[in-house]
1. Looking at (1) in a helix (DSSP H, G or I); (2) open to solvent by 20 Å² or more (accessible area, probe 1.4 Å), which is the one condition that is false for Phe306?
2. Filter region 495-532 down to the residues that are more than 16 Å from the ligand (Cβ to nearest atom) and out of contact with any Leu (no Cβ under 9 Å at 6 or more places or on another chain) and list them by number.
3. Residues in region 156-172: is at least one open to solvent by 30 Å² or more (accessible area, probe 1.4 Å), at pLDDT 95 or above and under 27 Å from Gly438 (Cα atoms)?
4. Provide a single number: the residues in region 340-368 that are in contact (Cβ under 8 Å) with a residue 12 or more places away in the chain and closer than 17 Å to Val209 by Cα.
5. Go through (1) on the phi > 0 side of the Ramachandran plot; (2) open to solvent by 20 Å² or more (accessible area, probe 1.4 Å) for Pro505 and report which single condition fails.
6. Taking strands (runs of 3 or more DSSP E) that fall entirely within region 328-414, which contain at least 3 residues that are open to solvent by 10 Å² or more (accessible area, probe 1.4 Å)?
7. Within region 56-91, which residues are touching a strand residue (DSSP E or B) at 6+ places or on another chain (Cβ under 7 Å), open to solvent by 10 Å² or more (accessible area, probe 1.4 Å) and more than 15 Å from the ligand (Cβ to nearest atom)?
8. Tyr210: farther than 25 Å from Asp47 by Cβ, within 22 Å of the chain's Cα centre (by Cα) and assigned by TED's automatic domain parsing to the domain that holds Arg308, yes or no?
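The values are calculated or read from the model by the stated rules, or taken from the named source; none is laboratory data. Please read all numbers here as calculations on a predicted model, not as lab measurements. Cβ: placed from backbone, ideal geometry, glycine included. Neighbour counts: every protein chain shown. All accessible areas refer to the heavy atoms of the entire protein, side chains included, with ligands and DNA or RNA removed. Shrake-Rupley method; radii C 1.70, N 1.55, O 1.52, S 1.80 Å.
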Amino acid sequence: MTPQGARPSRTADLDVAVVGAGFAGLYMLHRLRGLGLRARVFERGTDVGGTWFWNRYPGARCDIESVDYCYSFSSDLLAEWTWTERYATQPEILRYLHHVADRFGLRRDIQLGTRVTSLRYDEPGARWLVETGAGDVVTARHCVLAVGNLSSVKRPDFPGLDSFLGEWHHTARWPASSVDFRGKRVGVIGTGSTAIQAVPQIAKQADQVYVFQRTPNYSMPARNRPLPPEELRAVLRGYPGRRRAAQMSDAGVPVPPPERSALEVSAEERRRMYEAGWRRGGINALSYAFTDFFTDELANFTAQEFAREKIRAIVRDRSAAEALCPAHHIGTKRTCVDTGYFETYNAGHVHLVDVRRSPVTRVTPRGLETAAGEYPLDVIVFAIGFDAITGAILEIDIRGRGGATLAGKWSGGPRSHLGLCVAGFPNLFIVTGPGSPGVLSNMVVSIEQHVDWIADCLSHLEGRGIDRIEASAGAEDAWVRHVNEIAGATLYPRASSWYVGANIPGKPRVFMPYVGGCGTYRRECEEVAGRGYAGFILGGTAAPPIAF
Ligand code: NA7
């Protein structure tokens, strides 16, 4: 945020332009400052926070424990912030990010309310031209995309929406003032993580709630609870070890890896393990029980059956319980974490509407129409998700060497080296991009790793007077092959998930994240850097043109 009254320069020549002021952009700015580089962050929201700025819907809460879903780069910051619950709410996380922005004096280099519309690489000048929605063009030697994986909103395109006489909201564009559901008939479209968090909260207020479900999802109990100060203090005392364990784990959380196959233990032992996980709760409640959860159909089936049994035991209405039972391989679509979601269907005013059987046909002035009839509604809540992972990147018109567009290059699916850099797009870095563990991991652990890698890389270049870095086409091909190969050995690519772009019509079906785990990935990145940025072309301006 620029000081009041001052306008940011419209033509600045920056060392680094950063897009996005969420967890990634804030830490990136802090690191760049530490290197003495002139950096500016462009943020389309009217305040910092990224995902946590936009997703203010009732019940919004992190599904990673708060003591792990936070920065670790400053021990002072760790010591001075008090998390109050096992899983932090959206307002608490947003307060934390405001605190970080203020504490490290970041706001003066953050330009809020500014959408970056295009990034064009000027080869002769070795600069990125950063164009904003206001028509300003700033130049920068390097660009960092810190735009988030779940920030390009899937817009509701139901016919008739304009005619609706009630109010409607997308969960990821929730108004800052709270929405009053009291005495109202509310329709919620979608049953992903967002809806599963929001429905129990909406049901506390609304007169009637209709949940329009196309595909049921698995959800684990959060077992959320207050975090007593003494427990937080104990966690902080062992924090370096805890964080290191998270960094070297698969999912970026400090949970010991499983040791046995689900198929090598007796049915009783399996049940005991799943019950223990269910009692503990959380996103990994079942997935951390056995080694072959994500890779073996039979092993996965045992966890599916356990989760379905739980749903049947909670939901009293037989037909609602069956309709809520998912059929896909558990874990291959992001597992949800809830507080009282399935229990909510036992309340007389909460109704499940199967829109797989009877699809939504249109919005009417009075409500929502499905093939089975009309549902009169006062409020419609669209919890329909995002153009995930690549969406926010491709919302920007990015043109690299020779004017080649990133959209064109990625028309068959995203291609990158390490999820960090793209051949043909010099001096452009992506934080938690496709091809990195990103959404399969604790985002903050992955963000810190990427930001540190990028900062170290820039320091390496600056120290040697090197003005340019670009992923080589060969290294990129090899990485994309590797990412696909290891994903192919799991059950993940078989699901119609946003991990493969299945929720966006026309999006290429490619499994985008790296499934090898945070620890393995970190070692790969460290090795590349340690070998003088192997797989990257450093310096010079005469790299051969490449055809996309
Ligand atoms: P998700 O997980 O993409 O869920 C979106 C939900 O909306 C899902 O149940 C969809 O059903 C449903 N949907 C989308 N379009 C429609 C239409 N046209 N008709 C009916 N239902 C529809 O998004 P979330 O926001 O819940 O969660 C995203 C991530 O954010 C989450 O995993 C956390 O990491 C945070 P479908 O499955 O496509 O049949």
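1. For Phe306, the exception is condition (2).
2. Pro508, Val510, Gly516, Gly519, Thr520, Arg522, Arg523, Glu526, Glu527, Ala529, Gly530, Arg531
3. no
4. Adding up the residues that qualify gives 20.
5. For Pro505, the exception is condition (1).
6. Counting at least 3 such residues, we get 350-354, 360-363, 373-376.
7. Thr84, Glu85, listed by residue number.
8. no
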